[in-house]
Amino acid sequence: MMKRYLTLLLVIATFAQTASAQITTKYGDNVSTLDGIIKAFYDVVTVKKGEMPSFERDSLLHIAGAKVGSAGVDKQGKQHFNLMPLKEYHRLSDGYLAKDGFYEKEISRKVQKFGSIYHVWSTYESRLTATSPVFARGINSIELFYDGTRFWLLGWFYDEERKDNPLPAEYLN
């Protein structure tokens, strides 16, 4: 009797763990792990020439009202920051990404966590295709919230590597 009881408990525990182990969006993006949502973060902007990024797919990774942005230097050498809603980012960038294709991948990651809030410094490189030369590198500053079952992107901001803004060694390993 005790053996049956322990076997039943083991089966229930295994089923419960398996049932809640992975949350995916309707596009198959695993948002239940940090690795999964960061992979989806990069996959959603990686498109072949003539292919448009999916705002719907991207919006399923983000919490409602998420803001995104970029830092940089204008032609006069002055620092600037662009902040916008996710939908506006797609309106401004999707055509550019689709024109020649776009491939971006993470090359290094630093994670800081407190409670259910995560901050990820994600170093990336950008190409037109997976095998073409790198034309840009930079760092994404990604803010996330873990609700106990899945991760949500709260917002992200990036700055690109430039002659006056080289990637620090600690963000390359």
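The values are calculated or read from the model by the stated rules, or taken from the named source; none is laboratory data. Quick caveat: nothing in here was measured; it's all calculated off a predicted structure. Reconstructed Cβ throughout: ideal geometry from the backbone, glycine too, with neighbour counts over all protein chains shown.
Mind checking which pairs have a first residue in segment 160-173 that is touching a residue at least 40 places away in the same chain (Cβ under 8 Å) and a second that is in a loop (DSSP other than H, G, I, E, B) and acidic (Asp, Glu), Cβ under 6 Å, 6 or more apart or different chains?
LEU167/GLU161
Of the residues that sit in segment 10-24 and are more than 27 Å from ASN140 (Cβ to Cβ), surrounded by 10 or more Cβ atoms within 10 Å (Cβ to Cβ) and of a type in the set (S, T, N, Q), which one is modelled with the highest pLDDT?
Ranking the qualifying residues of segment 10-24, first place goes to SER20.
Being closer than 17 Å to VAL45 by Cβ and out of contact with any Leu (no Cβ under 8 Å at 6 or more places or on another chain) is the filter here, so list the residues in segment 140-150 that pass it.
Within segment 140-150, ASN140, SER141 meet the criteria.
Within segment 151-159, can one find any residue that is surrounded by fewer than 16 Cβ atoms within 10 Å (Cβ to Cβ) and more than 14 Å from PHE41 (Cα to Cα)?
For segment 151-159, residues surrounded by fewer than 16 Cβ atoms within 10 Å (Cβ to Cβ) and more than 14 Å from PHE41 (Cα to Cα): absent.
This table checks each residue for (1) in a strand (DSSP E or B); (2) touching a residue at least 60 places away in the same chain (Cβ under 8 Å); (3) touching a His at 6+ places or on another chain (Cβ under 8 Å).
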| residue | (1), (2), (3) |
| --- | --- |
| SER93 | no, no, no |
| TYR96 | no, no, no |
| SER108 | yes, yes, no |
| GLN112 | yes, no, yes |
| VAL120 | yes, yes, no |
| THR123 | yes, no, no |
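Only one of (1) surrounded by fewer than 18 Cβ atoms within 10 Å (Cβ to Cβ); (2) part of a helix (DSSP H, G or I); (3) in contact with a Leu (Cβ under 7 Å, 6 or more places away or on another chain) fails for ASP58. Which number is that?
So ASP58 meets the others, but not (1).
Of the conditions (1) within 18 Å of the chain's Cα centre (by Cα); (2) closer than 25 Å to THR25 by Cα, ARG91 satisfies every one except a single condition; which number is it?
(1)
Considering segment 44-72 alone, what residues qualify as being among the β-branched types (Val, Ile, Thr) and out of contact with any Lys or Arg (no Cβ under 7 Å at 6 or more places or on another chain)?
VAL45, THR46, VAL47, ILE63, VAL68
Among the residues of segment 125-134, which ones are assigned to a strand (DSSP E or B) and hydroxyl-bearing (Ser, Thr, Tyr)? Please lay out each step first, then the result.
The first filter runs over segment 125-134 and keeps only residues assigned to a strand (DSSP E or B), leaving 125-127.
SER126, the sole residue that qualifies.
So that you can scan it fast, the table gives a plain yes or no per residue for (1) assigned to a helix (DSSP H, G or I); (2) modelled with pLDDT under 95; (3) more than 18 Å from the chain's Cα centre (by Cα); (4) not aromatic (Phe, Trp, Tyr):
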| residue | (1), (2), (3), (4) |
| --- | --- |
| LEU8 | yes, yes, yes, yes |
| LYS26 | no, no, no, yes |
| LYS39 | yes, no, no, yes |
| TYR42 | yes, no, no, no |
| LYS49 | no, no, yes, yes |
| ALA66 | no, no, no, yes |
| PHE81 | no, no, yes, no |
